[in-house]
Amino acid sequence: MTEEVNSVELRKTGVENNGFIADQGFDENAISESRKDNQTEDQVYTTTLDSSEDPIPLKPYAGMSKEVLLHFSNQPCYRVPREILFWLIIIATLAIIAATITIIALSPKCLDWWQRSPIYQVYPRSFRDSNNDGSGDLKGVQEKIDHFVYLDVSTVWVAPFYESTLKDYRYAVDNFRSVDPTFGTMNDFENLLAALHDKGIKLIIDLIPNHTSNKHDWFKFSRHKTDKYTDYYIWRDCLYDGKVIPPNNWVSMYGGSAWEYDSERQQCYLHQFQKEQPDLNFYNPDVVNEILDIIRFWLEKGVDGFTVDAAKFLLEAEHFRDEPQVNKSQNSTTITSYGELYHDYTTTQVGMHDILRDFRQTMNTYSREPGRYRFMGTESNDHNAVAKTMMYYGNSFIQEADFPLNFYLLDMNNTISGNSIFEVVDRWMKSMPKGKWPHWRVGSPNNSRIASRVGTEYVKVMNMLLLTLPGTPTTYYGEELGMEDNPELTNTTDGSAEYNPAALPEKTPMQWDTSLSAGFSGSNETWLPVNDKYQELNVEVQKSEPNSTLNLYRDIIQLRKEELPLQRGWLCYVLNDDNVFAYVREIDGLNKVFMMVLNFGVKSSSNLKGKIPELPAQAKVRLSTIFRNNGNTVSMNDINTEPGEGLILEYTTNKPLHLMESRKDQCFISEKACYSSAFNLLYKNC
């Protein structure tokens, strides 16, 4: 047949369907005679697409040749939708990228693990005895991990367990890389760490860089002036004509001269604590490197952070001058007490913060893995010199501690009041650098317990304060129960012992249940006697009582975990007087507000709406230290509280206090965030 000019020719070998069949124009005569004789030849199907005739409609099927595909692809009905889809995809992709960048840019910093949960401090010798020798150990801590889970705390701080003498409660370290046999073995520590991590719980430990014990190998070498260890400690000549005369008037924390004569070296060494705790010489770079290696050792074990003990004592003035007397008229030869001198030359010296930054930078090298940030806190009780404490935060250019430990609530005693609590909170919040994170604690291994210090009736309200202030709270073991000091120890003295039990009433064994030795040990004799009140005051009993101190503590943690304002919201003061301290926690974009009304005095009635007319008329009691009041509604004109009662009130408002011009100086924020109810997310620019 004659081939048309505009024909499209499709060739296919054999009789297999070529995937394209024209509606018309199939010419059977196109089959050659040779094909009829069963000879396989090319089949030729010719479709005439003469422009002078109506175009023959073609339908696309799989397997079309390139020429046919190109013919169809250029038709407007195919080309236009394709181009529209292409540009829609481009626009959508760019929009997603832009939205992602915007969300990241506007999102506030997520709270890290050390910010989200209370820290629970364990004194391991008193927590749980696993082998019935009367003394707590690391295996015992591991046995009680479920207690941390029950409380819903996700950070545990274990007090020193290094190989050491008993002097100063394990703070005189013989070997920084070894576990004291009293507590078990390094394998026990590794098992404890793994078990905690399996439960999603972080572990922080003490770093004690200021001194070692006098039994440490470094000190032994230094006494004999062995190689580089000669200047690992602070040695001064002090022997004159056979008489020991201290190099200056420096006094140790425990009283008496801070200098001790060593007959082997025939010089005096400095000890700012006990004589068994010689101070290291941090002007020696080898000493700094030794401590950095110790930090690396424990970080490689997997610990999640450190608290740096006695940080302000790391350096002393190199001129070794006498420190100024508090009482200028006092005879200098009679000075024996630490409080009789201003410690201008033995604390917070120039260069001390540089050492701490070296610690921080070393920890940062282990913090690069997501979720494995390594925490650093610093212990430095500067008393009224709160500005010195704030320096441990570092600055906007150089990071130091995540927070310095806050000791001010530990000063509260039986003269507690709403005003005294307010003053402590306000001092920290007003002194803290902008954007930093606060810390609070009401108990420690070196202070009398809350119940004994301020009274049993104030235990619950103190815990409520601790857990509702902004920042990270730390709870010393047993404070969640309201454990008390053991009065039996106050009259105990034993000069032959390595420690004085009378100095340890706050370290008595944890009270787990009503069994022998309060469930702390299977032994009749424990390293310190169990408090006689353990039959009524223990974990087992309080778990079964809805209104117990333990369950209130747990309920507040749950509320804190669930509610954004309690996690990272504003703190605004509402009222403080002799009896009551009241404040709110609120967050931008969320009209839900929580108000704490805490009574630290006598029975009181507070008219909060009279003080701040913008407050709502009523609020709901979410939690109360008096269990029967939970769920009640109170009038803001007349909130009645009993001594030691605390209320967590909830209300809604469109007039948050932190936006009121008149209250700007009474509101504080650490990690600012704003809530979008439309998208159910946080953002920072509001």
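The values are calculated or read from the model by the stated rules, or taken from the named source; none is laboratory data. A quick note: this is a predicted structure, and the numbers were derived from the prediction, not measured. Note: ideal-geometry Cβ built from the backbone for every residue, glycine included; neighbour counts use all protein chains shown. We work out accessible area using only protein heavy atoms, side chains counted, and drop any ligands, DNA or RNA first. Shrake-Rupley method; radii C 1.70, N 1.55, O 1.52, S 1.80 Å.
Key figures
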item: Answer from Asn406, Asn419 - the residue that is touching a strand residue (DSSP E or B) at 6+ places or on another chain (Cβ under 6 Å) and closer than 23 Å to Ala310 by Cβ; result: Asn406
item: Residue in region 322-344 that is at positive phi and surrounded by fewer than 20 Cβ atoms within 10 Å (Cβ to Cβ) present; result: no
item: Ile639 being in contact with a strand residue (DSSP E or B) (Cβ under 6 Å, 6 or more places away or on another chain), farther than 27 Å from Trp428 by Cα and open to solvent by less than 10 Å² (accessible area, probe 1.4 Å); result: yes
item: Meets criteria (open to solvent by less than 70 Å² (accessible area, probe 1.4 Å), among the small types (Gly, Ala, Ser) and modelled with pLDDT under 90) for Ala172; result: no
item: Check on Asn131, of a type outside the set (Asp, Glu) and surrounded by fewer than 10 Cβ atoms within 10 Å (Cβ to Cβ); result: no
item: Region 346-370 residues that are over 15 Å from Ser380 (Cβ atoms) and in contact (Cβ under 8 Å) with a residue 40 or more places away in the chain, paired with ones that are part of a helix (DSSP H, G or I) and open to solvent by 60 Å² or more (accessible area, probe 1.4 Å) (beta carbon under 8 Å, 6 or more apart); result: Thr362/Arg296; Tyr366/Arg296; Tyr366/Glu300
item: Test result for Lys672, touching a helix residue (DSSP H, G or I) at 6+ places or on another chain (Cβ under 9 Å), of a type in the set (Lys, Arg) and modelled with pLDDT under 95; result: yes
item: Condition broken by Gly589, with the remaining ones in (1) farther than 25 Å from Pro656 by Cβ; (2) surrounded by fewer than 21 Cβ atoms within 10 Å (Cβ to Cβ) satisfied; result: (1)
item: Selection status of Lys664, outside any loop (DSSP other than H, G, I, E, B), under 30 Å from the mean Cα position of the chain (by Cα) and within 26 Å of Leu106 (Cβ to Cβ); result: yes
item: Number of positions in region 141-169 that are closer than 18 Å to Trp218 by Cβ and either touching a helix residue (DSSP H, G or I) at 6+ places or on another chain (Cβ under 9 Å) or in a helix (DSSP H, G or I) (or both); result: 1
item: So Pro370, is it touching a helix residue (DSSP H, G or I) at 6+ places or on another chain (Cβ under 6 Å) and either assigned to a loop (DSSP other than H, G, I, E, B) or open to solvent by 20 Å² or more (accessible area, probe 1.4 Å) (or both); result: no
item: Tyr120 vs. criteria more than 27 Å from Thr472 (Cβ to Cβ) and surrounded by 10 or more Cβ atoms within 10 Å (Cβ to Cβ); result: no
item: Qualifying position, being closer than 22 Å to Thr307 by Cα, hydrophobic (A, V, I, L, M, F, W, C) and either open to solvent by 30 Å² or more (accessible area, probe 1.4 Å) or under 22 Å from the mean Cα position of the chain (by Cα) (or both), among Met391, Met352; result: Met391
item: Residue match in region 425-435 (condition: of a type in the set (Ser, Thr, Tyr), free of Cβ contacts under 8 Å to residues at least 24 places away in the same chain and open to solvent by 10 Å² or more (accessible area, probe 1.4 Å)); result: no
item: Selection within region 241-263 - touching a helix residue (DSSP H, G or I) at 6+ places or on another chain (Cβ under 9 Å) and of a type outside the set (Gly, Ala, Ser); result: Asn249, Val251, Met253, Tyr254, Asp262
item: Output for region 181-206, where each listed residue is in a loop (DSSP other than H, G, I, E, B) and open to solvent by 10 Å² or more (accessible area, probe 1.4 Å); result: Pro181, Thr182, Gly184, Thr185, Lys199, Gly200
item: Residue among Glu488, Glu400, Glu457 that is touching a His at 6+ places or on another chain (Cβ under 8 Å), surrounded by fewer than 23 Cβ atoms within 10 Å (Cβ to Cβ) and either under 25 Å from Gln558 (Cβ atoms) or touching a residue at least 24 places away in the same chain (Cβ under 8 Å) (or both); result: Glu400
item: Yes/no for Val156 being within 20 Å of Tyr553 (Cα to Cα) and open to solvent by less than 10 Å² (accessible area, probe 1.4 Å); result: yes
item: Residues within region 536-548 that are open to solvent by less than 80 Å² (accessible area, probe 1.4 Å) and either among the β-branched types (Val, Ile, Thr) or in a helix (DSSP H, G or I) (or both), tallied; result: 3
item: Within region 610-636, considering residues that are in a strand (DSSP E or B) and in contact (Cβ under 8 Å) with a residue 40 or more places away in the chain, the one surrounded by the fewest Cβ atoms within 10 Å (Cβ to Cβ); result: Arg622
item: From the options Leu682, Leu659, Leu647, residue that is aliphatic (A, V, I, L, M) and open to solvent by 90 Å² or more (accessible area, probe 1.4 Å); result: Leu659
item: Selection within region 510-535 - surrounded by 20 or more Cβ atoms within 10 Å (Cβ to Cβ) and among the hydroxyl-bearing types (Ser, Thr, Tyr); result: Ser517, Ser521, Thr526, Tyr534
item: Check on Gly569, open to solvent by less than 40 Å² (accessible area, probe 1.4 Å) and touching a residue at least 60 places away in the same chain (Cβ under 8 Å); result: yes
item: Residues of region 602-646 classified as in contact with a helix residue (DSSP H, G or I) (Cβ under 7 Å, 6 or more places away or on another chain), of a type in the set (A, V, I, L, M) and within 30 Å of Asn414 (Cβ to Cβ), total; result: 3
item: Any hit, region 228-239, residues being among the charged types (D, E, K, R) and free of Cβ contacts under 8 Å to residues at least 24 places away in the same chain; result: no
